[in-house]
Amino acid sequence: MNVERHQAVVIGGGPAGLAAAIQLKQKGIDDVVVLEREHRTGGILRQCIHDGFGLTRFGETLSGPEYAQRFVEQAEELGITCLTDTTVLSLEADRTVTASGPAGLRKLRGDAVILTMGCRERTRGALAIPGSRPAGIYTAGVAQEYINLRNLMVGREVVILGSGDIGLIMARRMTLEGAHVKGVYEVQPYPSGLPRNIEQCLNDYNIPLHLSHTVTDIHGRERLEGVTISQVDEQFRPIPGTEERVDCDTLILSVGLIPAGDIANGSGLAVDGRTKGAFVDEHYQTSIPGVFSAGNVLHVHDLVDFVSLEAEALASAAAEYLKEGSLPACPLEVKAGANVGHVIPQHVSGTRSFTLSLRVRKPLKGVTLTVTQNGREVLRRKFPKALPAEMIQLNVPAEKLETEGDLEVSVQ
Amino acid sequence: MKRTFTCIICPNGCEITAEYEGTDVRSIEGATCPKGKDYVRQELTDPRRNIATSIPVEGGELPLVSVRLDRPIPKKDIFAVMDAINKLHVKAPTTIGQVVLSDVCGLGANVIITKPVAAV
């Protein structure tokens, strides 16, 4: 089969892919192709109709579709080729992308390949909830698509398992549409969504949040009739005797997001077991030279504004790679120390400033974040609070770094 | 009276504690920006929210188009405004910012389209 050559092939036309493509074009890379499996670009934002997007990126609060449209229009104005209805099937180590679209199967090889496929939701299968398999069980994003894009109401009496942001947003959305949301149950002893969403999506509508609780049984044959809720101990084991049946026709799962990087599985791309995304350096370059990754396929973000900014940083580095033929080596490792779940990037050069992203493992108050190298403090920042729900990002300036010695990030 | 608020203006979600008697605010602590103080004063006197929903489109590539308000409305009027919006529908094509209902329920806010839906 004929292989089309391009300077840059961007996989995924959501907020990360569009921002990367626009920035590449603006940096003088003319031959950029975006591959998008949906009929329209814009990604998940098309169904996120609530407001609150854009405060960082644009200084105003927008709905998801409005935020996306700014990038869609800019991509159009710049003449960027977006191949829609086109699903990528595989990526190989030589940067060949195989895609299926309206014109059939095609192969594209990029001098740079940009991975911006976003993430997917964890499902009932991932939790292994016992019980029957009736209709009426949805992940929060699927319920959001049915209600906001397809005009289909998913149910009337609703229980939500997990306190992820999409679940909280859907608790409010379904209440506005006339459903009765009986409660949100979270297995952790703290919420996994942002505090503002607990406030404006649950508290505003008197929807109770039950921490340290989970669903331990599902009832109903054709349609869901109810769930059994149990309290859990510190090891998340259900406590016998605490079972309570809650009648409902709908169970919404908001139990976590996972980077959707599967198409790169056959390429040998190295994946970090903590983020479930690629290992990257400060240029967002993966273990395969010329393959870059940013946005939710790299690590799950809380806010689209930071997805756009990360993709733009990726594109600046990828443009340099395309012009110069290589980027500075990044031999220094960035290690996750005390209370740190993961860090991005995992490797740096020691010669350039970089953006450090991390999440803490558990809620902490009055903490100090430190970055150390060779036993020396590179950076210190105080935070009144640190939550697993909130990604921490900060700039690490080059002048504070040495060119040898791994870095360690800790929060204590 | 003392009450702690979670600010909803931005994703920082500051915990802000206010001391007040009725509508007389004595002190506000914990806000990391001026918007947080304004938010708490507004919450104590006249809490307001924006709402987003969707309405049917005739002749569009999608059955629905998303809408929101161009300014917040009193929290207590949310469901009355939802009832008013639920009576609306538009014809494709739609454009962002297009007003589909002015001064909803006499509250001074307009219902605006937030997504372009092409005609088919």
What translational diffusion coefficient, in µm²/s and rounded to a whole number, does the Stokes-Einstein relation yield for the range A:255-299 at 10 °C and a viscosity of 1.306 mPa s, taking the hydrodynamic radius as the Kirkwood radius over Cα pairs?
150 µm²/s
Charge dipole (chain A, unit charges on Cβ, about Cα centre) - positive-most of A:Thr403, A:Ser293, A:Gln373:
A:Gln373
Compute the distance in nm between two label points, each set 7 Å from the Cα along the Cα-to-Cβ direction, one at A:Leu364 and one at A:Tyr205.
3.5 nm
Choose one answer from B:Gly13, B:Gly22, B:Gly60: the residue with the largest mean-square fluctuation in a GNM of chain B with alpha-carbon springs under 10 Å.
B:Gly22
In degrees, nearest 10, range 0 to 90: what is the angle between the Cα axis of helix B:34-45 and the longest Cα principal axis of chain B?
90 degrees
Sorted by chain and then number, the residues having a modelled amide H within less than 5 Å of the amide H of B:Val100, at least 5 places away or on another chain, are B:Val111, B:Ile112, B:Ile113
Projected onto the charge dipole of the protein assembly as shown (unit charges on the beta-carbon of Lys, Arg, Asp and Glu, signs +1, +1, -1, -1), the Cα from A:Gly325, A:Thr139, A:Ala75 with the largest positive-side position is that of A:Thr139
Distance between the range A:1-77 and the range A:189-212 - C-alpha centres, whole angstrom
31 Å
What do you get when you divide the Cα radius of gyration of the range A:123-255 by 2.2 N^0.38 Å, with N the number of residues?
0.97
Using the Cα centre of chain A as the reference point, and only Cβ charges (+1 on K/R, -1 on D/E), how large is the resulting charge dipole? Debye, rounded to the nearest 20.
420 debye
Could you rank the peptides A:210-223, A:1-14, A:324-337 by their average count of other C-beta atoms within 10 Å per residue, with the highest value first?
A:1-14, A:210-223, A:324-337
With axes computed from alpha carbons, what is the tilt in degrees of helix A:15-26 against the longest principal axis of chain A, rounded to the nearest 10 within 0 to 90?
20 degrees
From the gyration tensor of the Cα coordinates in the range A:330-412, what semi-axes in whole Å does the equivalent ellipsoid have, largest first, with each one equal to sqrt(5λ)?
21, 12, 11
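Please compute the contact order of chain A in relative form: average sequence separation of alpha-carbon pairs under 8 Å and at least six residues apart, divided by the residue count, as a percent.
Computed value for chain A: 15 percent relative contact order.
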In whole Å, how far is the Cα centre of the range A:232-268 from that of the range A:79-146?
21 Å
Percent RCO, i.e. relative contact order, over the range A:330-412, from Cα pairs under 8 Å lying at least 6 residues apart
40 percent
Environment charge of A:Glu60, counting only residues whose C-beta is closer than 15 Å and scoring Lys/Arg +1, Asp/Glu -1
+1
Amide H to amide H under 5 Å from A:Phe279: which residues, 5+ apart in sequence or cross-chain, H placed 1.01 Å off N in plane?
A:Ala270, A:Val271, A:Asp272, A:Ser287
Degrees between helix A:165-176 axis and first principal axis of chain A (Cα, 0 to 90, nearest 10):
50 degrees
Taking a ≥ b ≥ c as the square roots of the eigenvalues of the Cα gyration tensor, with a/c under 1.5 meaning rounded and otherwise prolate when a/b exceeds b/c and oblate if not, the protein assembly as shown is rounded
List every residue whose amide H lies under 5 Å from the amide H of A:Lys335, counting only residues 5 or more places away in sequence or on a different chain, with H placed 1.01 Å from N in the peptide plane.
A:Leu407, A:Glu408, A:Val409
Of the DSSP beta bridges with both residues in chain A, give the percent that are antiparallel, rounding to the nearest 5.
60 percent
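Bear in mind these aren't lab numbers, they're just calculated from the coordinates by the rules spelled out. Computed from a prediction, not measured in an experiment: that's the story for all the values here. When we count neighbours, we look across all protein chains shown, and the Cβ atoms used for this are built from the backbone with ideal geometry, even at glycine.
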